[in-house]
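Reviewing the structure listed below.
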Amino acid sequence: MKLMNFAAAAVTGILLSTTAVMAQDKPVVGLVMKSLANEFFQNMMVGAEEHVKARGDYELIAVGMQNETDFEAQINAVDNFITRGVDAIVIAPADSRAMVRPVKRAIAAGIKVVNFDVALDADAKAQQGLELAFVGPDNRGGAKMAGDALAQALGEGAKVVIIEGNPGADNATERRLGFEDTVAEYKLDLLDSRTAHWETEEANQVFSTMLTAHPDIQGVMAANDSMAVGVVKALESAGRTDILVVGFDNIPAVGPMIADGRMLATVDQFGTRMAADSIDLALGIVAGGPDLEGWVKTEIQLVTAK
Amino acid sequence: MSAHETQDVLAKPSPFSFKSIVNNAGIGLALLVLILFFSVTTEFFLSPNNITNILTQITINLILAVGMTFVILIGGIDLSVGSVMAFAAVIAGKAITLSGLGTAELILLAIAAGLFAGLICGVLNGVLSAYWALPSFIITLGMLNIARGAALQVSGAQTIYSFPYAFEEFGSMLIFGVPVVFLLALFLVLIAWFVLNRTVFGRLIYGIGNNEEAVRLAGHPVFWYKVAAFTICGATAGIAAIVYMARLSISSPIAGIGFELNAIAAVIIGGTSLAGGRGSVIGTLLGAFIIGVLANGLILIGLSDFMRQMITGVVIIIAVILDHYRAKLSSR
């Protein structure tokens, strides 16, 4: 086992090309990210890299994965960090259950762990006897903010549809629930709710077809901005300017759409800062600060034309 | 491979032969049944708007499937087209957002860049698999990763946006309710049909799929024909990338994941044999329609996303089973 760990650590060392001797006085933070093919995590990674340069009082080793479902890579990364003896691990789990065991091992090894972006599963944590705070945005609350903006613009009883993210993904579920909260509160008429797997082209197709089935749609709630862009393009092709669209994430591409009214609103969860903020929290604990407790909510903000 | 077939390699084109008509008629009939079913079950299906929708929705898959038909006809497969499309879109997106050029120059540059990017990937696929006689399955699986990685690397995993207005217009332009991008796809189908049925090159593509050795012994440069088939497939991925950009006004490096499978499905449902040598691009057109009509109609009748996925899978399997019987029929 030790030999295997050693081999794994050696491989990681080569892969990360951070084999240089670490400065003894600086704490080392291991950052475990999700898919770097995703713009959102790529920006987060860039934010973390800028952060380490700006602060300069710690060392950062960042590991990403090939795709959203590459759980194995994350588990290996945590194990390698344990072997290396980093001071803190800051992790965005790819799977809220699969990561509980490795995180528990890290804590047992005396490493301070901060869980951000996606919360580890409460039941799995209880079963493993693990207590760990979560640092992250309230996806459900954020989606409700966007949904409420739509509902207030349309009024009670308006006819709406939801474009969902990947079925089974935690944030997709939370955002759908947030939209459904809005539907319930404003007594909206939910005509249809379908996934477009976070993707622009698929959202464009799925929404065009929904619009055919329900020409009387008044509002669209898309679980991310990439899909909202696809919806906006579908509305343009159909020549409809009377339908309001809200999204989530505030990617740069929707800036012009919100400015000229093609989109009503989106939600910014300041993803670029999220990893950096979590690193700050981790370094606070390493420096002797109190452990985090419960849910440390990060800032979310509704973005409209105003 | 019978002796009969080796002589048949350079036989006269047979798009209107009894066999070919029966083959395509079967698929056409299946499509007709689907259309009838959906027009009875939902009032919206045959509305002009919905027909425009379906034509728009099948365009990208149809363009990819036209190129895929060439590769499958020679007995190969190209798993990389979705990634190559994303790579070409990113390259074209970088080109079209350059500063200091006029709109027309930018658009032309982007189209050239996208086409070139797709073409190069196709040439690589063809040369690597044909030169070492390696399974194209593996080579294009490698290219799937290379092109996707390149798309992410070049774009820094960021979506590229804010294209010239004229370019975006092209993506949603209609002529009598028919999307211009669909007409472009249809034009590609016609060219492909002509090339496959009316040129020596086309007949040799079938020939290679039927009996590669016979074509080689007849003194034809099989290597270059294979490279050409993959190059055509790469080029169509480049064209699909331009259409994707024009329609959605963005270039996303994660676009097109799984598109290769839809394109392969359209070709196979269209009656082209995975073993190569048999099939037609008209079948591919019908296959793309069947997939598009299914996806559209099943949403209209309110079926859940998961059921929709299952039914699409069932249709693919039925198509392959039908192909099995067709193969038996035509070898008699």
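None of the figures in this text is laboratory data; all of them are computed from the coordinates on show. The structure displayed is predicted, hence computed values, not measured ones. Neighbour counts run over all protein chains shown; Cβ positions are idealised from the backbone, glycine included.
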Let me check I have the definition right: for segment A:173-306, take the eigenvalues of the Cα gyration tensor, multiply each by 5, take square roots. What are those semi-axes in whole Å, largest first? 34, 16, 13
Between segment A:76-149 and segment A:206-241, how far is it from one alpha carbon centroid to the other, in angstrom? 35 Å
For the protein assembly as shown, what is the mean residue ellipticity at 222 nm derived from helices alone (per DSSP H run of n ≥ 4: -39500 (n - 2.57); sum divided by total residues; nearest 500 deg cm²/dmol)? -20500 deg cm²/dmol
Which order do peptides B:91-99, A:104-112, A:246-254 fall in by mean Cβ count within 10 Å, highest first? A:246-254, B:91-99, A:104-112
Say each of B:Ile191 and B:Ile317 gets a label point 7 Å from the Cα, pointing the same way as Cα to Cβ; how far apart are those two points in nm? 3.8 nm
Taking alpha-carbon centroids only, segment B:67-116 lies from segment B:263-332 a number of Å equal to 26 Å
Which is the longest run of chain B containing none of the chymotrypsin sites (Phe, Trp or Tyr not before Pro) found in DSSP loop states (not H, G, I, E, B) with at most 10 other C-beta atoms within 10 Å? B:177-332
Net charge near B:Ala240 (other residues with Cβ under 14 Å of its Cβ; Lys, Arg +1; Asp, Glu -1) is -2
Give, as a single signed number, the net charge of other residues whose beta carbon lies under 10 Å from the beta carbon of A:Val160, with Lys and Arg counted +1 and Asp and Glu -1. -1
Can you give me the Cα centroid spacing of segment A:264-279 and segment B:176-194 in angstrom? 44 Å
Please compute, for the alpha-carbon atoms of the protein assembly as shown, the extent along each of the three principal axes and give them in descending order in Å. 84, 64, 55
Given A:Lys34/A:Lys144; A:Lys26/A:Lys112; A:Lys233/A:Lys306; A:Lys53/B:Lys94, which pairs have Cα atoms separated by over 18 Å? A:Lys34/A:Lys144; A:Lys233/A:Lys306; A:Lys53/B:Lys94
Amide H of A:Asp189 versus every other amide H placed in the peptide plane: which residues, excluding those fewer than 5 positions away on the same chain, fall under 5 Å? A:Gly157, A:Ala158, A:Lys159, A:Val160
Please check which bits of segment A:70-86 a label hung off A:Ile107 would reach, taking the label as a point 7 Å along Cα-to-C-beta and the cut-off as backbone N under 17 Å. A:78-79, A:82
Using the Karplus equation 6.51 cos²θ - 1.76 cosθ + 1.60 (θ = phi - 60°), what ³J(HN,Hα) coupling, rounded to whole Hz, does each residue of segment B:313-322 give in order, writing x for Gly and Pro? x, 4, 4, 4, 5, 4, 4, 5, 5, 4
Please compute one quarter of the surface area of the Cα convex hull for chain B and express it in square nanometres. 17.3 nm²
Give the long-range amide H neighbours of A:Asn224: residues separated by 5 or more places, or on another chain, with amide H under 5 Å away, using H modelled in the peptide plane at 1.01 Å from N. A:Phe248
Amide H contacts under 5 Å for A:Leu31, restricted to residues at least 5 apart in sequence or on another chain and with H modeled in the peptide plane, are A:Ile61, A:Ala62, A:Val63, A:Val90
Can you classify chain A as rounded, prolate or oblate using the Cα gyration tensor, where a ≥ b ≥ c are the square roots of its eigenvalues, rounded means a/c under 1.5, and otherwise it's prolate if a/b beats b/c and oblate if not? prolate
